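Here is the structure we will look at, set down as structure tokens.
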Amino acid sequence: MRHFLRYIFFIVLLLGNTVFVSAQSAKWNNISTRAIKVGIMLPLHDKNGDGKRMVEYYRGMLMACEDLKKQNISVDIHAWNVAEETDVRQTLLQKGANQCDVIFGPLYSNQVAPLAEFCNAYDIKLVIPFSIQSDALKKDKMVYQVFQSPEVLNDKAITTYLNRFPQAHPVFVGCNDTTSRKGVFTMALRKQLEKRKITYNITNVNSPAESFAKAFDRNRQNVVILNTGRSPELTAVLNKLDALTASNPSLVISLYGYNEWLMYVNYNLNRFFKYDTYIPSTFYLNSSNAKTIQLKREYKQWFGHDMMYALPSFALTGYDHALFFLTGIHRYGRNFNGSKVQNVCVPIQSPMHFEQVGKGGYQNNYFQLIHYNFARQIESISY
């Protein structure tokens, strides 16, 4: 009967309809003593940027598996090239797909529904690592979505600001960047400040020094918020603040920025410390960390070139995802749900904790502030 139901599942899947078939099996038994069966269903090719990025992500996963071997955790990986034009339903018919314990993928939204249905039917955890818009998260219990939408992150950044700086004086600096999309954040934050009757000032990076200075409160902490995340405008504002504080050394100023600023740390580190900078983000990479240095060196040794320059690093994202889920599955088996209490490993770049969405799958809700403080220390403040 079970084989018949699975046959029906494949027929309906190929027709593009929704089906839910329970295929609970004993495959999760003895997970701590056997190899974890991993499926990768991502565009693994060199034809375009998507493929090249996902190949690097996959290579990071392989490096994590090498480290897991040192902990006596065995992994059996089966990778499929699921490009944008691929019919993932055909991929799911291939040998070994239904034997996986966990599948990482897909990259494209139109491939999510059939893959999620397949994973539910065969009791396979599905880790969606990147930006995916799908209803699968709300209804399919085996789905783990790592990506958080810009709208969700904006809401968290606003809530975090309001909780951390209830008594501060906000100063919004216009930067004349016509390409910026940060207005959604700054306008929403201003509305919340007005709702709480918190006064704020608006100025411009090109304002005369005297007008610029008038936007700041001499008796309170000032928190500066730009309406762009770009480096040239950030540099211009930092130069303006240097001139301002030279004339008004008693001013207390902090910066509340964007995760793009993490790309500019090498150029702005001293001034990030000077202005007590807070950067909302879901990731952070300490380039001087010994393990980070080791992984970058090993990547070049293994694959013949350096990791791509990207924020976050795709290779280290793959490393963290594989280490997190495979360690968790080895330790907890099918019961691993990625929750905050299940602190299974130390991430290199991308911490995660998952919460269930209603009665459906699990969403990564990790959020942090990277704080460059006056004492020239960098701290991660998690929420």
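The values are calculated or read from the model by the stated rules, or taken from the named source; none is laboratory data. Fair warning: this is a prediction, and the values are worked out from it, not measured in the lab. In this analysis, Cβ positions are derived from the backbone assuming ideal geometry, glycine residues included, and neighbour counts consider all displayed protein chains. Surface accessibility is based on the protein's heavy atoms, side chains included, excluding ligands, DNA and RNA. Shrake-Rupley method; radii C 1.70, N 1.55, O 1.52, S 1.80 Å.
For the cross-link pairs 197/240; 240/274; 37/69, which exceed 21 Å when the distance is taken from alpha carbon to alpha carbon?
197/240
Taking a ≥ b ≥ c as the square roots of the eigenvalues of the Cα gyration tensor of segment 277-383, is the shape rounded (a/c under 1.5), prolate (a/b larger than b/c) or oblate? Judged from the Cα gyration tensor, segment 277-383 comes out oblate (a/c at least 1.5, b/c at or above a/b). If you line up the long axis of helix 314-332 against the longest principal axis of the chain, both from Cα atoms, how many degrees apart are they, to the nearest 10? The two axes meet at around 60 degrees.
Only lysines eight or more places from residue 191 in sequence, or on another chain, were considered; those with a Cα closer than 18 Å are 156, 182. A 1.4 Å probe, protein heavy atoms only, puts the accessible area of residue 285 near 40 Å². Per-residue surface analysis assigns residue 135 an accessible area of about 100 Å², computed on protein heavy atoms at 1.4 Å probe radius.
Structural size metrics of the chain, computed from C-alpha coordinates, are Rg and Dmax of 23.8, 82 Å.
Using a/c under 1.5 as the rounded threshold, could you call segment 176-248 rounded, prolate or oblate? The axes a ≥ b ≥ c are square roots of the C-alpha gyration tensor eigenvalues, and prolate needs a/b larger than b/c, oblate otherwise. Show your work: numbers first, answer last.
Working: a/c = 2.23, a/b = 1.10, b/c = 2.03.
In terms of gyration-tensor shape, oblate.
Where only DSSP H runs of four or more residues are counted, the chain gives -12000 deg cm²/dmol as its mean residue ellipticity at 222 nm, each run worth -39500 (n - 2.57). Sorting 326, 107 by accessible area puts them as 107, 326; the probe is 1.4 Å, largest comes first, and only protein heavy atoms count.
Restricting the chymotrypsin sites (Phe, Trp or Tyr not before Pro) of segment 291-349 to loop positions (DSSP other than H, G, I, E, B) with no more than 16 neighbouring Cβ atoms within 10 Å leaves 309.
What the chain shows is 48 Å² of accessible area per residue, with the surface traced by a 1.4 Å probe over protein heavy atoms. So if I take the centroid of the Cα atoms in segment 113-155 and the same for segment 236-305, what is the distance between those two points in Å? Result: 32 Å between the Cα centres. The trypsin sites (Lys or Arg not before Pro) found in segment 27-115 that occupy coil by DSSP, while having at most 15 further C-beta atoms within 10 Å, are 34, 47, 70, 95.
The amide H of residue 277, built 1.01 Å from its N in the peptide plane, has 255, 372 as neighbours under 5 Å, considering only residues 5 or more places off or on other chains.
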